[in-house]
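The values are calculated or read from the model by the stated rules, or taken from the named source; none is laboratory data. What you see is a predicted model, and the numbers here were worked out from it, not measured in a lab. Virtual Cβ from ideal backbone geometry, glycine too; neighbours counted across all protein chains shown. When the accessible area is computed, the model is the full protein with side chains, heavy atoms only, and any ligands, DNA or RNA have been set aside. Shrake-Rupley method; radii C 1.70, N 1.55, O 1.52, S 1.80 Å.
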Amino acid sequence: MHFLSDDLEEYLANNSQKEPQLLQELTRETHLKVIQPRMLTGHFQGRVLSLLSKLIRPKYILEIGTYTGYSALCLAEGLQVDGELHTIDVNAELYDMQRTYFDKSDYGTKIHQHVGDALDIVPQLDITFDLIFIDAEKKQYDNYLETVLPKTKSGSVILSDNVLWSGKVVEPLDKKDKTTKVLLDYNKKLSEHPLLDTVLLPIRDGLTLSRVK
């Protein structure tokens, strides 16, 4: 489902901050070498993530779902001088590509890569995070949320991506479609969670902002 016309999406991008050259290069390489390049965050949403991070000024960022590293680089733009970004992905094959672009950026020494299941890795991180971005296996979103909440404090922000799931969340539910059912339950949980203030934004495929009370 396209929420906006291609012309409007192009207008949004053209009237937002320009995409940094390094991220343009990463986009090209992702489309050339990696399967499912549509998973890439992209120019407009990337600038949204960058601006949110700059407004929050986090010292510690957690990202679940690195892919080729585009969103991590956007989020890192708002890090404090002595800040750290920890990003987790199950796909070890993308590690070197991620590292190449991280090291080309101004944030290479601040970005720490982890390979494996976030549900195993996050509990081992002795860090309280100011900003968390969830963009990995959709069927695990509820488990990710429960795993990261103990790593937050009042004022921490949790971002959840792809929560509109190509518009399937407002279509008749196919009983065989487990992913959409999980996201429907997850969106409802976020909106009603007693520890969170939440707003769901129709940015790209849906981006939810939740603030820990």
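Dipole magnitude for region 1-74: computed about the Cα centre from +1 point charges on Lys and Arg Cβ and -1 point charges on Asp and Glu Cβ, it is near 400 debye. For residue 84, the residues 5 or more places off, or on other chains, whose built amide H falls under 5 Å of its own are 60, 61.
Cross-link reach is defined here as a Cα-Cα straight distance under 19 Å, omitting same-chain residues fewer than 8 places apart; for residue 18 the lysines meeting it are 54, 104.
Here region 59-213 is treated with +1 on each Lys and Arg Cβ and -1 on each Asp and Glu Cβ, and its dipole about the Cα centre works out to around 500 debye.
At a 1.4 Å probe radius, carbon and sulfur cover how many percent of the accessible area of region 153-213? Can you show the working numbers first?
Numbers: 1940 of 3300 Å².
In region 153-213, the share of accessible area belonging to carbon and sulfur is 59 percent.
The mean accessible area for residues of the chain, using a 1.4 Å probe and ignoring ligands and nucleic acids, is 52 Å² per residue.
Residues in region 109-118 carry Karplus couplings, in order, of 6, 9, 9, 10, 8, 10, 10, x, 7, 4 Hz; the curve used is 6.51 cos²θ - 1.76 cosθ + 1.60 with θ = phi - 60°, and Gly or Pro positions show x. When you restrict to C-alpha pairs under 8 Å that are six or more residues apart and normalise by the size of the chain, the relative contact order lands at 17 percent. Only Cα pairs under 8 Å and 6+ residues apart enter the sum, and on that basis the relative contact order of region 107-162 stands at 43 percent.
When a/c is below 1.5 the answer is rounded, else prolate if a/b is larger than b/c, else oblate, so apply that to the chain with a ≥ b ≥ c taken from the square roots of the Cα gyration tensor eigenvalues.
Values: a/c = 1.37, a/b = 1.08, b/c = 1.26.
Since a/c stays below 1.5, the shape of the chain is classed as rounded.
Charge tally around residue 127: other residues with Cβ under 12 Å, Lys/Arg +1 each, Asp/Glu -1 each, net 0. Computed over region 1-117, relative contact order equals 22 percent, with contacts defined as Cα pairs under 8 Å that lie 6+ residues apart.
Taking a ≥ b ≥ c as the square roots of the eigenvalues of the Cα gyration tensor, region 43-84 is classed as oblate, since a/c reaches at least 1.5 and a/b does not exceed b/c. Listed values for region 30-39 are Karplus-derived 3J(HN,Hα) couplings in whole Hz (6.51 cos²θ - 1.76 cosθ + 1.60, θ = phi - 60°), namely 4, 5, 7, 10, 10, 6, 6, x, 5, 6, and x replaces Gly and Pro. Here's the list of lysines a cross-link from residue 178 could span, going by alpha-carbon distance under 17 Å and ignoring same-chain residues fewer than 8 apart: 138, 139, 168, 188, 189. Summed over qualifying helices (DSSP H, 4 residues or more, each -39500 (n - 2.57)) and divided by its residue number, the chain shows a 222 nm mean residue ellipticity of -11000 deg cm²/dmol.
With K and R counted +1 and D and E -1, the other residues having a Cβ less than 13 Å from that of residue 155 yield a net charge of +3. Classify region 1-115: rounded, prolate or oblate, from the alpha-carbon gyration tensor (a ≥ b ≥ c, eigenvalue square roots; a/c under 1.5 rounded; otherwise prolate if a/b is larger than b/c)? Because a/c hits 1.5 or more and a/b fails to exceed b/c, region 1-115 counts as oblate.
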